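J.: Please find one structure pasted underneath; my questions will follow.
The values are calculated or read from the model by the stated rules, or taken from the named source; none is laboratory data. A quick note: this is a predicted structure, and the numbers were derived from the prediction, not measured. Note that we place each Cβ from the backbone using ideal geometry, even for glycine, and neighbour counts take in every protein chain shown.
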Amino acid sequence: MKTETTIQGLAASLNPARAARKIIGFVPTMGNLHEGHLNLVREARKLCDVVVVSIFVNPIQFGPNEDFDSYPRTLEHDQHLLADVGCDIVFAPSVEQMYGNQPRLTNITVGGITNDLCGAQRPGHFDGVAVVVTKLFNIVQPNFAFFGQKDYQQLAVIRQFVRDLNIPLEVIGVPIARAEDGLALSSRNGYLSAENRAIAPTIYQSLKTAEQALQAGASLPDALANIRNTLMQAGFAVDYVEARTPELQPIEVFNQNTVLFIAAKLGATRLIDNLQIKFSES
Ligand code: AMP
């Protein structure tokens, strides 16, 4: 496995594969890797000849009061994990390598689906994601790119601009990897105190309880209110508890496939999760 830190170096590493028409798979990450990330790499390994993983903590997707400076950076450990799951090339550029010294005057804004959920809470976040992912797509020029359903809205945003801008690759969504107690794996879980780590699985438990209630005929507003109450009683500060269609449109009644979304803070740590719930007429 090679590590490249420059765009030129990456091109030199990838050009032989491109010339040989190999299938290139790409997994963008911010590092501090866990099984969720590694699952994306395993999926890429199945479909592709060459697997590239980027590790880049992207400053422009963090708000001024967010955790850009303290975000965990563990490149050496990440490299070991990636070598073990068959990654071929790690791309770990500096901020300067990605953004240069000239001002950036171009932005990418995806309308509609970025207006609510995390978009409402984190202004500019999805623009920052769209810009960096587009830059990385242009740098790596993969055939397939792999993203986690953990960041459901992010995946929808990426699918949207890839379609709107005719970016020539296929986006693959990968299911959420969870700890044994149900907590969705996240680099930010490491911020949790032991006490809060024990409380954190309440998020997934409350989603599963809501799923059962909905399947048993409970109303969507009641199911959402129950999640909110459960989280508040457990000590979370709730950012949002929402239901959407799989295409992120508002939904009032559980009469089609539905996705439940949670964002909630435990102490200073903001956690997100979601659950896709199948509707079947019975
Ligand atoms: P991040 O390093 O947090 O930017 O995440 C990089 C990629 O890994 C994104 O596509 C995330 O959706 C994905 N990812 C992060 N956590 C998980 C998880 N628990 N399960 C599946 N995918 C994940």
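J.: Being at pLDDT 95 or above, in contact with a Cys (Cβ under 8 Å, 6 or more places away or on another chain), surrounded by 16 or more Cβ atoms within 10 Å (Cβ to Cβ) and not small (G, A, S) narrows it down to one of I227, I272, so name that one.
T.: I272
J.: Residues that are of a type in the set (A, V, I, L, M, F, W, C), touching a residue at least 12 places away in the same chain (Cβ under 8 Å) and away from the ligand (no atom under 16 Å from the Cβ): find the helices (runs of 4 or more DSSP H) completely inside region 173-272 holding 2 or more of those.
T.: Fully inside region 173-272 and qualifying: 202-215, 220-234.
J.: Considering only residues that are over 20 Å from I23 (Cβ atoms) and either more than 10 Å from the ligand (Cβ to nearest atom) or in contact with a Gly (Cβ under 8 Å, 6 or more places away or on another chain) (or both), which ones fall in region 133-158? Talk me through it step by step, then tell me what you get.
T.: Quick first cut of region 133-158, residues over 20 Å from I23 (Cβ atoms) only: 134-135, 148-157.
Correct list: T134, K135, G148, Q149, K150, Q153, L155, A156, V157.
J.: Let me ask you something else. Looking at V53, is it touching a Cys at 6+ places or on another chain (Cβ under 8 Å), outside the structural domain of A268 (by TED's automatic domain parsing) and modelled with pLDDT of 95 or more? Steps first, answer last, please.
T.: On the way: touching a Cys at 6+ places or on another chain (Cβ under 8 Å): yes; outside the structural domain of A268 (by TED's automatic domain parsing): yes; modelled with pLDDT of 95 or more: yes.
The answer is yes for V53.
J.: Looking at S187, is it small (G, A, S) and farther than 24 Å from F146 by Cβ?
T.: Criteria not met by S187.
J.: Does region 233-253 contain at least one residue that is aromatic (F, W, Y), within 21 Å of the chain's Cα centre (by Cα) and surrounded by 15 or more Cβ atoms within 10 Å (Cβ to Cβ)?
T.: Yes, some residue in region 233-253 is aromatic (F, W, Y), within 21 Å of the chain's Cα centre (by Cα) and surrounded by 15 or more Cβ atoms within 10 Å (Cβ to Cβ).
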